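Working notes for the structure below.
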C-alpha cells in the first residue's frame, strides 16, 4: 500500500523530492534496484543537497559494482552534510568490497567518530583490520560491536575467526558454540567447531 501511495504522490507532483526518495526506498525493499536508482536520481535532481538520496544511490552503485559512481555520491553526501555518518560507513564498505582494506579503515573511523553507537562501523573496521593482519585491532572492534549488538550471529562468527588467527582456539570454540545456539543450522560454524575440537 505504501508503494501505491508514493506512486500517487509522485504522479500528482513529479517535483516532490520526498515522494521520489521514499518510493526509491520502497523499490529497494522490493528488490527493484534500477527503479530505485531512477527515483533516487530524480530526488537528487529536485534537491541536489539531499544527502540521504545521495547515500542511497551510492549504495545501489556499490551493490552493482559501479564503485567510482558510488564514491562520487558518498563523497558528495559527506560534503553536503559532514556530520552524516552513513556515507562515511558506506564509503568504507565500498573500498572494503574492493579489498582495499587499508583505504577503508579511515572512513569507518570517521563513521565511528560521528556515531559511536553504530555497531556496523566497528564490525566493518574490524574486518578491514583482520584482512590487514591487525588482529588485536580487529578483536577490539568486534568486541565493541558485540557490546552494542549482543549475540549477533555474524559478529560472533567473525570474532571466532579473529580468535583463530590469534591461536586462541578455546575462545573460538566458545564463539562457534554461541553461533550454533542462536543459529543451529549454521553449517560453516558446525564444521569449524568440529575441526577445532579435533585438534
(message) Under 10 Å, Cα contacts only: if you run a Gaussian network model on the chain, which one of 79, 23, 159 comes out with the highest mean-square fluctuation?
(response) 79
(request) Per DSSP H run of at least 4 residues, take -39500 (n - 2.57); add these up for the chain, divide by its residues and hand me the 222 nm value, nearest 500 deg cm²/dmol. (result) -25000 deg cm²/dmol
(request) Give the angle, between 0 and 90 degrees and rounded to the nearest 10, that separates the Cα long axis of helix 101-114 from the longest principal axis of the Cα atoms of the chain. (result) 70 degrees
(request) State the label only: which of (1) 17.4; (2) 16.8; (3) 18.4 corresponds to Kirkwood radius over Cα pairs in Å computed from the shown model? (result) (3)
(request) Take the Cα atoms of the stretch 74-153, build their convex hull, and give its volume per residue in Å³. (result) 78 Å³
(request) Report, in degrees rounded to the nearest 10, the 0 to 90 angle that the Cα long axis of helix 135-148 makes with the longest principal axis of the chain. (result) 60 degrees
(request) Subtract the Cα-Cα distance of residue 99 and residue 66 from 0.36 nm times their separation in residues, and report this length gain in nm to one decimal. (result) 10.4 nm
(request) Choose one answer from 77, 43, 170: the residue with the largest mean-square fluctuation in a GNM of the chain with alpha-carbon springs under 10 Å. (result) 170
(request) Return 179, 80, 187, 127 ranked ascending by Cβ neighbour count within 10 Å, so the fewest neighbours appear first. (result) 187, 80, 127, 179
(request) For helix 17-29, report the angle its Cα long axis makes with the longest principal axis of the Cα atoms of the chain; keep it between 0 and 90° and round to the nearest 10°. (result) 40 degrees
(request) Could you check which residue among 151, 75, 143 shows the biggest mean-square fluctuation in a GNM of the chain with a 10 Å Cα cutoff? (result) 151
(message) Would the stretch 41-81 count as rounded, prolate or oblate if I go by the C-alpha gyration tensor, calling it rounded below 1.5 in a/c and otherwise prolate when a/b exceeds b/c, oblate otherwise?
(response) oblate
(message) Averaging the inverse of every distinct alpha carbon separation and then flipping it gives the Kirkwood radius. What is it for the stretch 151-199, in angstrom units?
(response) 10.2 Å
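Bear in mind these aren't lab numbers, they're just calculated from the coordinates by the rules spelled out. Just so it is clear, the model here is predicted, and its values are computed rather than measured. Positions of Cβ are generated from backbone atoms using ideal geometry, with glycine treated the same way; all protein chains shown enter the neighbour counts.
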